[in-house]
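The values are calculated or read from the model by the stated rules, or taken from the named source; none is laboratory data. These numbers were taken from a predicted model, which means no experiment stands behind them. Reconstructed Cβ throughout: ideal geometry from the backbone, glycine too, with neighbour counts over all protein chains shown. Ligands, DNA and RNA are stripped out before the accessible areas are found, and what is left, the full protein with its side chains, is counted by its heavy atoms. Shrake-Rupley method; radii C 1.70, N 1.55, O 1.52, S 1.80 Å.
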Amino acid sequence: MTHIKEQKTMTTHRFILEPYKGIATRHTCPACQRKRCFSRYIDTEKRISFPDHVGRCDHEQKCGYHFTPRNYFDEKPEAKQELYEKSSLYISSHKIKTTSTSFIDEETVKRSLKCYETNRLYQFLTSKFGESSAMSLMKKYHVGSSKHWEGATVFWQIDHNNQVRTGKIMLYNPNTGKRVKEPHNHITWAHSLLHKPDFHLKQCFFGEHLLAANKTRPVALVESEKTALIASYYLPQYLWLASGGKNGCFNESSLSALTKRSVVLFPDLGATTYWQSKIGMMRNHGIEVQLFDYLETNAPESERKEGYDIADYLLQIQPDEAILQAMSRKNPHLKTLIETLGLELVNVQRDSSRTKFRAYRK
């Protein structure tokens, strides 16, 4: 596949640092915060507008920040694919005919399924759900650890045939569970770091490998991989998958894995209209689709600005309450008994085989 290169002259390269045309063309560095020392990359064909953090700091010795267009396309493989399909770079590379899907070997995945004690996402999940439940989620979804950033997480995309498409590598704050976005967005891709030549990426849903063993369970679809893990803990009656982003996996190839399945869409706040526009296409694939738009209808403006998703709301529920609700679903009389006797849950002990409750009268 033709390589996208950052280049220094307009005669041979498409992506260049913006030429100096006064102080308005020099900006504050996102890393060192010095003013008027940051040059952004531009597209000489004026088809792509890069985010503000794609550029280079002039203070090479003291700062050294340099986030290239290649880094950006590694973060956004869908943007890279669109570039190949629509730009002259792709058209001129017709000699290369890489159409089949590329895969990553299973041994690479297996080697990542360790070092959870330093994995920051695992640390966060443990603080919320306990070690046993956090480990169960990591193993169920084949979530790994990466040395690319200390404490980073790998979300492997494994399709319904158990073939590994790629892995999304991200870094989280272990205390808040939020992604680390400063001084830049900490996200990259396993296939990029493995330097596989002519790798042809076709993404699949995160958690798709669970479909074969859960053929009747309704599917719940969210954007974020982390959200799929959290929601799976609170609402196990659904099989939780993640699209990997607002635009991710809403295409003919990916949706075929959900044919004849019952699917509920749980978009992030602000993405509901876009996801709603995909319902017709999904139904054309024989997918029974429902849209959960309660949050979009009722959320306050502050939560809209933050782009809340269902995990942000679920995490406000005490895990003990979630477990009690799950037990109540299995035995409706349990809820009636607790309400009738005026009992209140005061202690929960978890192990790998069972959950114990101790309650007292209010």
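Table for the structure above
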read-out	value
The stretch 258-283, residues that are out of contact with any helix residue (DSSP H, G or I) (no Cβ under 9 Å at 6 or more places or on another chain) and of a type outside the set (A, V, I, L, M)	THR259, LYS260, ARG261, SER262, TYR274, TRP275, GLN276, SER277, GLY280, ARG283
Condition check for ILE169: under 29 Å from ASP52 (Cα atoms), open to solvent by less than 20 Å² (accessible area, probe 1.4 Å) and hydrophobic (A, V, I, L, M, F, W, C)	yes
Selected residue (criterion: farthest from GLN276 (Cα to Cα)) from residues of the stretch 202-214 that are in contact (Cβ under 8 Å) with a residue 40 or more places away in the chain and open to solvent by 30 Å² or more (accessible area, probe 1.4 Å)	ALA212
Per-region count, the stretch 260-314, residues under 27 Å from GLY177 (Cα atoms), more than 20 Å from the chain's Cα centre (by Cα) and among the polar types (S, T, N, Q)	3
Residue among ALA228, ALA190, ALA213 that alone is closer than 15 Å to PHE266 by Cα, at pLDDT 90 or above and hydrophobic (A, V, I, L, M, F, W, C)	ALA228
Pair list, Cβ < 6 Å and 6+ apart or interchain, from the stretch 40-67 residues that are closer than 18 Å to TYR20 by Cα to residues that are of a type in the set (S, T, N, Q) and open to solvent by less than 70 Å² (accessible area, probe 1.4 Å)	GLY55/SER39; ARG56/SER39
Qualifying residue in the stretch 215-231 (condition: in contact (Cβ under 8 Å) with a residue 40 or more places away in the chain, assigned to a loop (DSSP other than H, G, I, E, B), open to solvent by 40 Å² or more (accessible area, probe 1.4 Å) and not polar (S, T, N, Q))	yes
Subset tally (residues that are hydroxyl-bearing (Ser, Thr, Tyr) and touching a residue at least 60 places away in the same chain (Cβ under 8 Å)) for the stretch 108-135	3
Segments classed as helices (runs of 4 or more DSSP H), wholly inside the stretch 49-154, with at least 3 members that are modelled with pLDDT of 80 or more and open to solvent by 60 Å² or more (accessible area, probe 1.4 Å)	106-112, 120-129, 131-140
Hits in the stretch 260-291 - residues which are open to solvent by 50 Å² or more (accessible area, probe 1.4 Å) and on the phi > 0 side of the Ramachandran plot	LYS260, GLY270
Boolean, SER253 is open to solvent by 60 Å² or more (accessible area, probe 1.4 Å) and in a helix (DSSP H, G or I)	yes
Test: residue in the stretch 32-43 that is out of contact with any strand residue (DSSP E or B) (no Cβ under 7 Å at 6 or more places or on another chain), at pLDDT 85 or above and on the phi < 0 side of the Ramachandran plot	yes
